[in-house]
Amino acid sequence: MSCHRIVLILAVALLVGVGAGPATAQKYGGTLNVMALNSPPSLSPMEVDTIATVWPMSPVYSNLVYYDPLEPKESFDALMPELAESWSWDGAGTALTFKLRQGVKFHDGQPFTARDVKLTFDVSRGANVTQRLKLNPRKAWWKNIEEIVANGDHEVTFRVKRVQPSLLAMLASGFSTVYPAHIPYAALRTRGVGTGPFVFKEYKADRHFIHTRNPDYFVKGRPYLDGLNYRIITSRSTQTAAILAREVDLDAPSATTKPIMEHLKSANDQLIFRPTARYNLTGVRFNPRRKPWDNPLMRQAVSLALDRDAMIQAVFQGGAQRGGILLPPPDGVWGLPEQELRQLPGYGDAAKNREQARENLRGLGYGEQNRLKVKISVRNSPQFVEPGVFTAGAMKAVYMDAELAVIDPALWAGMLARRDFEVAVGSTGVSIGDPDATFYENFSCGSIRNYTDYCNPEVDRMMDAQSQQTDGARRAVMAREVDKRLLIDGAQIVYGFRINYNARWPDVKNFVPHPNHYSYGRMQDVWLDR
């Protein structure tokens, strides 16, 4: 679908209320009480890799392009303009030009121009020295950009070194928000100044985020709500109680697991649930700077020891699906189908896998008389502690004695960035479904967010080859080959992909969860039927 057709569809939608019933159905006013799970390490989406920032701060910012909040699947056809009015590629596919909206203002009243776009993405790709990021987890996303040119105040062109169809998708990520050029980026770690539908008002650690309606939002008639109140609730039991007591109207991404959904449903049959596979793989990372984890046979032994089907039943209560590095079908587009997955180490017969793990370890000098002591770091949340306990039990069966080190969520990202861990059990959130985002950010040589320091030049070349393939079917085959290599090398061990059951009260309208929970939190279309 062309960008011009998307603009036309959106214009019609604004007039007739497409996706939300008749235009007169929506109601204005009210404050939506939303659950947030943790206090973030920073309020700056560009400098973090956590939903704790992106979920409550998305309503404050805007992107050049964004995934339609009312479309449950994120595809190229679901891309819609935000700060861009339209976009087009040149004939060679190496220059992407955006026509920008005019008259848009940041929340402090300063005008939005092409200068803001150029600085944002020059800083993101490490090509600007006037503004610096404390952390830059997605620098690897932009390594193909050769130059960003501002053509006056209302047009900007991204020139790339080679063809890369995924560039537009990566610009739609919830992490790809446009920052104001007139404010030091360091200041945005403690406040938000964007062009989004809601204005940042207050943040108090371990308590809440409060945003108010932006009266100057560039989409006429939006947002519907007067404000947003994100309540930070870390305890799972308190989260459940808060939903049932109507202290929150809407849960947070990943909050409602299958057992919680069943409990809530039995407690109040008015609650609405929408199961959605999360593009957020849960698994094990190893630090190869600490022996013996530099040896791929050691990493593979842990993969062989883990019975993924048993974990999905015991830990996730059936609320997850097996997969490799990319989200598998039917929810995912690019991931490995089951018949290919079962051919890989750790995905076949569980008993045979464990025996193979023991054999591998005996060959490396381990056994009952020489057991390996392991420290497993986990984030202080039940959704991570429970898989950590299961992993420790699986390792015990193959000559490893593991203890858990429970880490404060606010310290987790810094711990990974410093490589201050031996083995870490957690999740890897992927902000868009395109393979480029997953591969380059987490597994390419030199990427800041490649916390395992995995580096295989041959695999990097495979990543580049699939990235520039314009035929979707051929690219899918090439992406699956990269997926297999990463699993065989033990770049990261994957348990599976959790399913989030998305609890909300029935008077919350126009909220549609996506598999990639970093890219649907703008809230401009949500309204309350009260």
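Select from region 221-238 the residues that are surrounded by fewer than 21 Cβ atoms within 10 Å (Cβ to Cβ) and under 24 Å from the mean Cα position of the chain (by Cα) and write down the one among them that is modelled with the lowest pLDDT.
Taking the candidates together, the pick is Arg236.
Is there a residue being surrounded by fewer than 19 Cβ atoms within 10 Å (Cβ to Cβ) and in contact with a Pro (Cβ under 6 Å, 6 or more places away or on another chain) anywhere in region 494-504?
No, because not a single residue in region 494-504 is surrounded by fewer than 19 Cβ atoms within 10 Å (Cβ to Cβ) and in contact with a Pro (Cβ under 6 Å, 6 or more places away or on another chain).
Ala392 versus (1) surrounded by 19 or more Cβ atoms within 10 Å (Cβ to Cβ); (2) within 26 Å of the chain's Cα centre (by Cα); (3) free of Cβ contacts under 8 Å to residues at least 24 places away in the same chain: which is the lone unmet condition?
For Ala392, the exception is condition (2).
Looking at Arg449, Arg461, Arg475, which one is assigned to a helix (DSSP H, G or I), surrounded by 17 or more Cβ atoms within 10 Å (Cβ to Cβ) and among the basic types (Lys, Arg)?
After ruling out the rest, the residue left standing is Arg475.
Pick out the one residue from Thr53, Thr97 that is in a strand (DSSP E or B) and out of contact with any Lys or Arg (no Cβ under 7 Å at 6 or more places or on another chain).
Thr97
Could you identify the single residue in Ile148, Ile210 that is closer than 30 Å to Gly30 by Cβ and outside any helix (DSSP H, G or I)?
Ile210
For Val284, only one of the following conditions fails: (1) part of a loop (DSSP other than H, G, I, E, B); (2) buried (at least 22 other Cβ atoms within 10 Å of the Cβ). What is its number?
Result: Val284 passes all but (1).
Given Leu271, Leu297, which one is touching a residue at least 40 places away in the same chain (Cβ under 8 Å) and closer than 30 Å to Pro330 by Cβ?
Leu271
Name the one entry in Val385, Val378 that is under 21 Å from Pro292 (Cα atoms) and surrounded by 14 or more Cβ atoms within 10 Å (Cβ to Cβ).
Val378
Scan Asp122, Asp108 and give me the residue that is of a type in the set (D, E, K, R), modelled with pLDDT of 95 or more, surrounded by fewer than 23 Cβ atoms within 10 Å (Cβ to Cβ) and in a loop (DSSP other than H, G, I, E, B).
On inspection, the qualifying residue turns out to be Asp108.
Can you report the number of residues in region 239-254 which are without any contact (Cβ under 8 Å) to a residue 24 or more places away in the chain and buried (at least 21 other Cβ atoms within 10 Å of the Cβ)?
0
The values are calculated or read from the model by the stated rules, or taken from the named source; none is laboratory data. Predicted model, so just to flag it, every value in this text is computed and none were measured. Please note: Cβ atoms are built from the backbone with ideal geometry, for glycine as well, and neighbour counts cover all protein chains shown.
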